[in-house]
Amino acid sequence: MKKVLVLGAGMVARPLVQYLLDQPEYQLTVADLVIAKAEEVIGGRSNGKAVALVAGDNDTLEKLIVDHDLSVSLLPAPLHPVVAELCIKHRKHMVTASYVSPKMRELDQAARDAGVMILNEIGVDPGIDHMSAMRVIDDVKARGGKVTCFKSYCGGLPSPEDNDNPFGYKFSWSPRAVFAAGKNSALYRLDGQEVQIPASELFADHHTLPVENIGELEAYPNRDSLSYINTYGLNGIDTMFRGTLRYPGWCETLKAFVDLGMLEERRMTFPAGMTFAQFFAKAVGLDSDEDLREKVAKKLSIEEASPILCRFDWLGLFSNDPIPLAGQDSTPMDVLCAVMEKKMVYNPGERDMICLVHRFRAEFPDGSAEKINSTLIDFGVPNGDSSMARTVGLPAAIGAKMILNGEISIPGVQIPVIKEIYEPVLDTLAKMNIRCTETTQKTGTGSVFKYK
């Protein structure tokens, strides 16, 4: 009997947990701060057990890790290295869908020495994006070609028919994680030139991407694209860009939040009874909430009728309604997350959507060239699992199963960019109707992609 520990029972946990519970030879333990959440994702299955785990209780965490063959961490990203260190100490394997952080990367040699596999970045973005990209890249190389341009985009969005609020967004994962991702700087290569974007200007550096059957979306850069040049084996590539997708209007609105300091982590006192207008004025450094819309427009150098301020208004930031978290010390982002999590939710029967787009240019020794598009559009199940949960949780679950069954055994801190991992994971996902559609267009060597 294989014993698996799942740490965290949040918004993406259920498909992963259910997939692993479907393996009759597995015994699953789900640990969460709120034991009822763990019980809910287990759904009464006989080979599942829910336990409570308080944040910072590393003694209990260590005992749980010791008692299981593999741990899947769905905890907040800063906690993954803590889990990994304990897994390495006790020679247990680990899987997570999150990015490899510098602290996690530092554990690579220790994991190798212990014979432990720490498989990271096996969700959707990162995860399916890596695996589907490598399948195309390896195919081009096998045919003697070279990828000279690679642009990869991914976004979790409401399906078009359920895109019905001014932000064009609903939360299928943690609001704080969404905002945290928007506070990173970015680095990419465009036509041979490196482009650095500071965090304060991330949302200003956006462009339009047309997606078949979906329409025009906004794209802005995602972290450090250049770090994946070596990972993907694309040394010498002219253009390397990884981006995030949103519906139009998101970038200008988030840029306004950044400029106003609403995403900062400075702690402030918001007394009981404080209204949204009072909170908003205090958070952005205005002396009062009188004529607030006019003052905010002036601070942002935009018109009072701007769609940005209309979105603020829809969110209630100019209202006299009481704020959440009143009567306690919080940050502006805490309050913003609380109100957005309440208003920007999926109602019963609504679907989310994952949109993943790769665009390649490949050149071949005979002088020919190809444009290769790879697109995955996946929708959530009405009144069931979200697409975000499926596309994050299922790849991680499949990876965990492969490790437990001895199908892969590569010690160290790894991501799924080798054929032994990505082929079986993508093939298994395809059987679940999660697949990329690829098209190829022959072009002349002078033909190029335009970034903007």
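The values are calculated or read from the model by the stated rules, or taken from the named source; none is laboratory data. Values in this document were obtained by computation on a predicted structure and should not be read as measured data. With ideal geometry, Cβ positions are generated from the backbone for all residues, glycine too; neighbour counts draw on all protein chains shown. These accessible areas exclude ligands, DNA and RNA; they are computed on the full protein's heavy atoms, side chains included. Shrake-Rupley method; radii C 1.70, N 1.55, O 1.52, S 1.80 Å.
When all alpha-carbon pairs of segment 376-429 are counted, what percent fall beyond 17 Å? Cα-Cα pairs of segment 376-429 separated by over 17 Å account for 42 percent.
Can you give the FRET efficiency for residue 366 and residue 25, using 1/(1 + (r/R0)^6), R0 = 60 Å, r = Cβ-Cβ distance, to the nearest 0.05?
So, using R0 = 60 Å, E works out to roughly 0.70.
Accessible surface of segment 375-419, 1.4 Å probe: 52 percent of it comes from carbon and sulfur atoms.
Length, then width, then depth: along the principal axes, the Cα atoms of segment 41-120 run 39, 22, 22 Å.
Across the options 200, 42, 65, the greatest Cα extent toward the positive end of the charge dipole of the chain (unit charges at beta carbon of Lys, Arg, Asp, Glu) belongs to 65. To the nearest 10, the accessible area of residue 173 is 80 Å² with a 1.4 Å probe. Helices that extend 20 Å or more along their long axis by alpha-carbon positions and average at least -0.5 on the Kyte-Doolittle scale are, among the DSSP H runs of the chain, 128-142, 387-404. Taking other residues whose beta carbon is less than 14 angstrom from the beta carbon of residue 365, and scoring Lys, Arg as +1 and Asp, Glu as -1, yields 0. Proximity of backbone amide H atoms, modeled 1.01 Å from N, is registered between residue 148 and 361, 362, 363 at under 5 Å, excluding neighbours fewer than 5 places apart on the same chain. Looking at segment 29-113, the accessible area is 52 square angstrom per residue; that uses a 1.4 Å probe and ignores ligands, DNA and RNA. One way to sum up the overall shape of segment 132-233 is the equivalent ellipsoid from its Cα gyration tensor, whose semi-axes run 27, 19, 13 Å, largest first. Divide the volume of the convex hull around the Cα atoms of segment 197-308 by the residue count and you get 165 Å³ per residue. Per the Debye formula with a single identical scatterer at each Cα and no solvent contribution, what log10 I(q)/I(0) holds for segment 79-172 at q = 0.12, 0.14, 0.24 Å⁻¹? The computed values of log10 I(q)/I(0) come out as -0.62, -0.76, -1.09. Put a dot 7 Å past the Cα of residue 59, heading toward its Cβ, do the same for residue 161, and the two dots end up 5.4 nm apart. Estimated from helices alone, the mean residue ellipticity of the chain at 222 nm is -10000 deg cm²/dmol (sum of -39500 (n - 2.57) over DSSP H runs with n ≥ 4, per residue). Would you work out which of 286, 29, 172 lies farthest towards the positive end of the dipole of the chain? Charges go on Cβ: Lys and Arg +1, Asp and Glu -1. Working it through, the farthest residue towards the positive pole turns out to be 29. Based on the reciprocal of the average 1/r between different C-alpha atoms, the Kirkwood radius for the chain equals 23.4 Å. Here residue 183 and residue 112 are evaluated by their C-beta separation; at R0 = 41 Å the FRET efficiency comes out at 0.80. Computed on the Cα atoms alone, the convex hull of segment 120-186 gives a volume of 144 cubic angstrom per residue. Taking 0.36 nm per residue of separation and subtracting the Cα-Cα distance, full extension of the segment from residue 91 to residue 442 would add 121.4 nm.
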